[in-house]
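The values are calculated or read from the model by the stated rules, or taken from the named source; none is laboratory data. Every value quoted in this text rests on a predicted model; they were computed, and no experiment measured them. When we count neighbours, we look across all protein chains shown, and the Cβ atoms used for this are built from the backbone with ideal geometry, even at glycine. With ligands, DNA and RNA removed, areas are computed over all heavy atoms of the protein, side chains included. Shrake-Rupley method; radii C 1.70, N 1.55, O 1.52, S 1.80 Å.
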Amino acid sequence: MNPQGYETLPGTDEVYRDRSLGLVVFGVIEILIGAFCALLVPLALLAWWVSGGDANGSATLRSTLAVVVIYLVMAALFVWLGVGSIRARRWACDVMLAISRIWLMTGVCTLLLSWFVLPGLLRGVGAAEGLPSEILLVAVGVTLAIVSLIYVLLPGAFVLFYRSPDVMATCRARDPRSQFTDECPPRVLTLAVLWGMAAISVVAMPAYDWAFPFFGRLLLGAAGAVPWIAVFVVCAALAWGSCRRRPWAWWGAVAATAAAAATTVVTSIRISPEAMVRALPIADDQMQILASISWPGVWAISLVWITVWASMLIYLFTMRSFFRPHPPLVND
């Protein structure tokens, strides 16, 4: 006799707490996130039209279209995962856990960066609009609270829930069929999702005139579009190969990370943040705000990039065994 609220996994002696209700609750939250992203699409188009439409140039249109595409992708993804969670599909839980881990990791970095950049950014806005310092202080606090909620607390809750053994057992009990994620350990699936997200992010590059950092130069227009398209192809291939744990995918990931590290670090040393901002197709009012920010020095930015890419390389080397022939399946 199992304790109240506990079930026995069919065909085994494993006892688990049924998390079907939690799967529904988190699935509904994901669907609501997707619906919110879908709602932002007409709002983005409306904002572009109200601001003058084509009167502001093609750069504004490119930026709006890039945002619209990203919102549509996010809406479809979260609705798809939310429905899968409600139906207790293991693939939905696995993919959502991978996304949430990346979301949480980038969210923590975004929060830390906001502590340094946001005060200067809002001071620039305040100087341009003549706002008192008290309002700016409140704006900083509210913004940091929103960033903490969206980028740290929300993905943290997803990670804590979907990594639970009870959630996995509930999904196995309700959906015992084989899934496409069964042969992909969680850490490897996270890597595959990371490459997939990197490929999708290329969609936003036309908004910035395809600006591509290339070993101390900033390629723009058609010159920048070619390497960005190559980045899209490489990242998509690495996502596919990582999901299937192909050895070439690991070697390709190391090579791509090393190349990205070299070009971003060299570019950050040779081009200051102010010069890089001036080279981008940004509206004049936004340019004035960005110009008022006290940016870190080139060596500080370079150190950040070195830390980011070194962490990625270390992460890759810790997963080398998963990409060898018949690697062991280890869940973390």
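For the criterion of being of a type outside the set (S, T, N, Q), under 15 Å from the mean Cα position of the chain (by Cα) and open to solvent by 30 Å² or more (accessible area, probe 1.4 Å), Leu194 passes.
For segment 275-298, the criterion of a residue being among the aromatic types (Phe, Trp, Tyr) and modelled with pLDDT of 85 or more is satisfied by no position.
Tell me the residue from Ser114, Ser148 that is in a helix (DSSP H, G or I), of a type outside the set (A, V, I, L, M, F, W, C) and modelled with pLDDT of 80 or more, please.
None of the other options fit; the residue is Ser148.
Scanning segment 176-200 for residues that are more than 20 Å from Phe323 (Cα to Cα) and touching a Phe, Trp or Tyr at 6+ places or on another chain (Cβ under 9 Å) yields Ala198, Ala199, Ile200. Candidates Ala261, Ala223, Ala204: the one that is out of contact with any strand residue (DSSP E or B) (no Cβ under 9 Å at 6 or more places or on another chain) and surrounded by fewer than 17 Cβ atoms within 10 Å (Cβ to Cβ) is Ala204.
When Asp175, Asp209 are checked against the criterion of being within 27 Å of Leu104 (Cβ to Cβ), touching a helix residue (DSSP H, G or I) at 6+ places or on another chain (Cβ under 9 Å), surrounded by 14 or more Cβ atoms within 10 Å (Cβ to Cβ) and of a type in the set (Asp, Glu), a single residue qualifies: Asp175. Summed over segment 229-240, the residues that are surrounded by 16 or more Cβ atoms within 10 Å (Cβ to Cβ) and in contact with a Phe, Trp or Tyr (Cβ under 9 Å, 6 or more places away or on another chain) give a count of 7.
Can you say whether Thr257 is at pLDDT 95 or above and not hydrophobic (A, V, I, L, M, F, W, C), as far as the supplied structure shows?
In short, yes.
Within segment 85-94, restricting attention to residues that are under 14 Å from Gly34 (Cβ atoms) and of a type outside the set (S, T, N, Q), the residue that is least open to solvent (accessible area, probe 1.4 Å) is Ala92. Each residue in segment 202-225 was checked for being part of a helix (DSSP H, G or I), at pLDDT 90 or above and closer than 27 Å to Trp240 by Cβ, and 3 pass.
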